[in-house]
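Heads up, the thing below is written out as structure tokens.
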Ligand SMILES: [Zn+2]
């Protein structure tokens, strides 16, 4: 289970001071949580799962060209930041 770019599974388990089976459970749990967070981010109602919104500024309602496109969605921005780490 070793590739050129990283430590072996057992070396990772050793870093957490866990037996391999418990480390495997920790990794599996992490991956399930990550999948769930990805699912939540993709289902964000505010940005339709894109992560980006168009921000309208008060007083510029009749000037859509002045809107700020592709702004981070405030509803799922934190989730996406956590997934990028
Ligand atoms: Zn969103």
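All of the numbers you see were taken from the coordinates with simple rules; none came from a lab. Small disclaimer: the values here were computed from a predicted structure and weren't measured. No Cβ is skipped: glycine too gets one built from the backbone with ideal geometry, and neighbour counts run over all protein chains shown.
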Checklist entry - Could you put 12, 47 in order, starting from the residue whose Cβ has the fewest other Cβ atoms within 10 Å? => result 12, 47
Checklist entry - Can you give me the relative contact order of the chain as a percent, contacts being Cα pairs under 8 Å and 6 or more apart? => result 21 percent
Next on the checklist: For the range 1-42, compute Rg over Rh where Rg is the Cα radius of gyration and Rh is the Kirkwood radius from the inverse mean 1/r over Cα pairs.
Outcome noted: 1.10
Item to check | Residue-averaged 222 nm ellipticity for the chain, from DSSP H runs of 4+ at -39500 (n - 2.57), nearest 500 | outcome: -14000 deg cm²/dmol
Item to check | Bins of 5 Å, starting at 0 and running to the largest distance - Cα pair percent for the chain | outcome: 3, 13, 14, 13, 13, 10, 9, 9, 5, 3, 4, 3, 0
Item to check | Net length gained if the chain between residue 43 and residue 21 were fully extended (0.36 nm per residue, minus Cα distance) | outcome: 4.6 nm
Checklist outcome for this item: Per the 1/(1 + (r/R0)^6) rule, R0 = 30 Å and r from the Cβ atoms of residue 14 and residue 84, FRET efficiency to 0.05 is 0.65
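The range 45-85: percent of C-alpha pairs farther apart than 15 Å? Mind dumping the intermediate values first?
Numbers: 381 of 820 pairs.
Within the range 45-85, distances greater than 15 Å cover 46 percent of Cα pairs.
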Checklist entry - Taking 0.36 nm per intervening residue step and subtracting the Cα-Cα distance, what contour gain separates residue 65 from residue 28 on full extension? => result 8.7 nm
Next on the checklist: Taking the 0 to 90 degree range and rounding to the nearest ten, how far is the long axis of helix 20-42 tilted relative to the main principal axis of the chain, both from C-alpha atoms?
Outcome noted: 10 degrees
